[in-house]
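K.L.:
Here it is: the structure, laid out below.
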Amino acid sequence: MGTTHFSNLQAATITATTSFVGDVTGKNIVAPTAYAVDGAISPDVGVASITKGTAAAATLAAPGAGNVGKSLLIYAGSAAAHVVTITGLTTNDTLTFGGAIGDSVLLYAASATLWVLVSVYNVTPSAA
């Protein structure tokens, strides 16, 4: 049996008529969930875009058991100084975005109750 490499394959759906042997890797494309008003960001979305035209006041709950091991990207889809308050960060649980489109944070759900701040781009963490 030959080997197939999927690195250049582009398809919406792949249907297997047999089983895969070995590791199957690839990229997951997650469409962002837009948040255009103040309120809660879901820890389940994978990618959150804050699109409110003025500074948004948002909250993010602890990851929950179903999200352990997953990442969440939150980015500014509008040029405003958004503020996100996060339950589950050990310190500096308030994130203030710098006011430019593309400002972002990447969070990792280390446990059901703990977010780890992996990276920050033009966002200032501070204590609530």
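The values are calculated or read from the model by the stated rules, or taken from the named source; none is laboratory data. What you see is a predicted model; the values in this text were computed from it and never measured. We place every Cβ from the backbone using ideal geometry, glycine too, and count neighbours over all the protein chains shown.
K.L.:
Please indicate, with yes or no, whether at least one residue in the stretch 65-73 is in a strand (DSSP E or B), touching a residue at least 12 places away in the same chain (Cβ under 8 Å) and more than 23 Å from residue 30 (Cβ to Cβ).
P.N.:
no
K.L.:
Against the definition (surrounded by 18 or more Cβ atoms within 10 Å (Cβ to Cβ) and among the hydrophobic types (A, V, I, L, M, F, W, C)), how does residue 40 come out, yes or no?
P.N.:
no
K.L.:
Turning to a different aspect of this structure: Taking the condition modelled with pLDDT of 95 or more, assigned to a strand (DSSP E or B) and over 25 Å from residue 29 (Cβ atoms), does residue 54 pass?
P.N.:
Criteria not met by residue 54.
K.L.:
Out of everything in the stretch 95-110 that is surrounded by 15 or more Cβ atoms within 10 Å (Cβ to Cβ) and not hydrophobic (A, V, I, L, M, F, W, C), what residue ends up being nearest to residue 33 (Cα to Cα)?
P.N.:
For the stretch 95-110, the residue satisfying everything is 104.
K.L.:
Also: What number goes with the only condition from (1) touching a strand residue (DSSP E or B) at 6+ places or on another chain (Cβ under 6 Å); (2) modelled with pLDDT under 95 that residue 26 does not pass?
P.N.:
With (1) touching a strand residue (DSSP E or B) at 6+ places or on another chain (Cβ under 6 Å); (2) modelled with pLDDT under 95 applied to residue 26, the lone miss is (1).
K.L.:
While we're looking at this one, here's another question. Give the residues of the stretch 74-106 that are without any contact (Cβ under 8 Å) to a residue 40 or more places away in the chain and assigned to a strand (DSSP E or B), sorted by residue number.
P.N.:
Across the stretch 74-106, the qualifying residues are 74, 76, 83, 86, 94, 95, 96, 104, 105, 106.
K.L.:
Which residues, counting only those in the stretch 58-80, are under 19 Å from residue 117 (Cα atoms) and hydrophobic (A, V, I, L, M, F, W, C)?
P.N.:
58, 60, 61, 62, 65, 68, 72, 73, 74, 76
K.L.:
Additional query: For the stretch 108-128, name all the residues that are under 20 Å from residue 64 (Cα atoms) and either among the basic types (Lys, Arg) or free of Cβ contacts under 8 Å to residues at least 40 places away in the same chain (or both).
P.N.:
Of everything in the stretch 108-128, those that are under 20 Å from residue 64 (Cα atoms) and either among the basic types (Lys, Arg) or free of Cβ contacts under 8 Å to residues at least 40 places away in the same chain (or both) turn out to be 108, 116, 117.
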